[in-house]
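Student: Quick one: structure below, then a few questions.
The values are calculated or read from the model by the stated rules, or taken from the named source; none is laboratory data. Being a predicted model, the structure only gives us computed values, none of them experimental. Here the Cβ is made from the backbone with ideal geometry for all residues, glycine too, and neighbour counts use every protein chain on show. Accessible surface areas use protein heavy atoms only, side chains included; no ligands, DNA or RNA. Shrake-Rupley method; radii C 1.70, N 1.55, O 1.52, S 1.80 Å.
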Amino acid sequence: MPHRVAVLALDGLLPFELGIPHRIFGRSLEPAPGNKGAKLYEVVTCSVRPPGPVRTDSDYAILVEHGPEALATADTVVIPASYELGPVFEEGRLTDELAAALALIRPGTRMVSICTGSYVLAAAGYLDGRPATTHWSSADHFQRLFPQVRVDPDVLFIDDGDVLTSAGVAAGIDLCLHLVRRDHGAAVANEIARRTVVPPHRDGGQAQYIHRPVPEPQFATTTAARAWALGRLDRPIQLRDMARQESMSVRTFTRRFREEVGASPGQWLTQQRVERARHLLETSDLSIDQVARDAGFGTATSLRQHLQAALGVPPTVYRRTFRASADTP
């Protein structure tokens, strides 16, 4: 049976964020020729009330066909943002209606919030003593309202095992892709990202608020340097060599790179090499030593350390877990 995802639609929801789980989970397929594999997730939208209309923050409502009983059958519950949280946002307290709906969720169900959906998780006690994030503009208010939560306002998302929280809007896409990657491997996540026309991977620790996300037209970008580096990940790459691709000093290049990408060149390179290693582990029979060399880590020991730090598992375990993806033509 596919993994069942229930998306809780609350009054005042943002239609874009409501659609994220459907787009990412609903289009994730088992690896098969011609993208004709079986669906990996079943996604349903539900309300805290019996089936009926739910208000959005736009000039239309949506008709939700499932009531709160859908939460009782979910393996994962996703709570997108809402602009009408009422006492949840103002007092950190669930309404009786919302509390009754959340009480239907089975123990052990994976809980996920997008943007200020984190307020609901916190008010329900799911985030007590845990790290969490939310939209950067609400982080201070969130921390004051829920002092028992360890709020990190500077990241795109936080994976704390069975409870995951994301920053606003597009970070919800990153979190859902991260879950697909965690459940089924990088190959499946990369395919759905390609079809959604979004980057396949932005690390959760990347800064969520970049002060100048789009460089001013008169300034050069670091796009060429990144493309150059991606074409030679298996070889040593020095910061000065990347800066040279853009005819910049190392200092200027480093500053510009962080402004555009939200991470330092070194952090970005490590992320790309981890992704290359994951792809090779899933889709090839190369030895661990060869994967380490082709991904630019040099030695199996270095690969093991970086993969363990990024994913919590060594290369051999990762390959065994996602070997099904490695059999994809």
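Student: Considering Cα pairs under 8 angstrom that are at least six residues apart, work out the relative contact order of the chain and quote it in whole percent.
Tutor: Once divided by the residue count of the chain, the mean separation gives 13 percent.
Student: If I build a Gaussian network model for the chain, linking alpha-carbon pairs within less than 10 angstrom, which residue out of Val313, Val77, Val163 has the largest mean-square fluctuation?
Tutor: Checking each option, the largest mean-square fluctuation is seen for Val313.
Student: Lys/Arg Cβ at +1, Asp/Glu Cβ at -1, dipole of the chain taken about the Cα centre: which of Ala72, Thr196, Gln143 is farthest positive-ward?
Tutor: Working it through, the farthest residue towards the positive pole turns out to be Thr196.
Student: Something else about it: Just to confirm a number: summing +1 for Lys and Arg and -1 for Asp and Glu over residues other than Ala132 whose beta-carbon lies under 15 angstrom from that of Ala132, what do you get?
Tutor: Computed value for this residue: -3.
Student: Taking the Cβ of Arg27 as the centre, find all other residues whose Cβ is under 15 Å away and add up their charges (Lys, Arg: +1; Asp, Glu: -1).
Tutor: That sum, taken over residues with Cβ under 15 Å, equals +2.
Student: Residues with beta-carbon under 14 Å from that of Ala81, excluding Ala81: net charge, scoring Lys, Arg +1 and Asp, Glu -1?
Tutor: Charge balance in the 14 Å sphere: -3.
Student: If one puts a single equal scatterer on every Cα of the chain and applies the Debye formula without solvent, what log₁₀ I(q)/I(0) results at q = 0.13 Å⁻¹?
Tutor: One equal scatterer on each Cα of the chain leads to -1.03.
Student: For the chain, report the accessible area per residue in Å² (1.4 Å probe, heavy atoms, rounded to an integer).
Tutor: 47 Å²
Student: Turning to a different aspect of this structure: How many percent of the accessible area of the chain is carbon or sulfur, using a 1.4 Å probe?
Tutor: The C+S portion of the solvent-accessible surface of the chain is 53 percent.
Student: For the chain, what is the calculated [θ] at 222 nm in deg cm²/dmol (nearest 500), taking -39500 (n - 2.57) for each run of four or more DSSP H residues and dividing by its residue count?
Tutor: Calculated at 222 nm, the ellipticity per residue is -12000 deg cm²/dmol.
Student: Only Lys, Arg, Asp and Glu count, each charged at its Cβ (+1, +1, -1, -1), so figure out the dipole size of the range 213-328 about its Cα centre, rounded to 20 debye.
Tutor: Magnitude of the dipole: close to 280 debye.
Student: Can you say what percent of the DSSP beta bridges in the chain, counting only those with both residues inside, are antiparallel? Round to 5.
Tutor: In the chain, DSSP labels about 30 percent of beta bridges as antiparallel.
Student: Just the number, please: Stokes-Einstein D of the range 213-328 in µm²/s, Kirkwood Rh from C-alpha pairs, 25 °C, 0.890 mPa s.
Tutor: Estimated via Stokes-Einstein, D reaches 162 µm²/s.
Student: I would also like to ask the following. Which three lengths, in whole Å and largest first, does the range 72-183 cover when its Cα atoms are put on their principal axes?
Tutor: Principal-axis extents of the range 72-183 (Cα, largest first): 36, 33, 25 Å.
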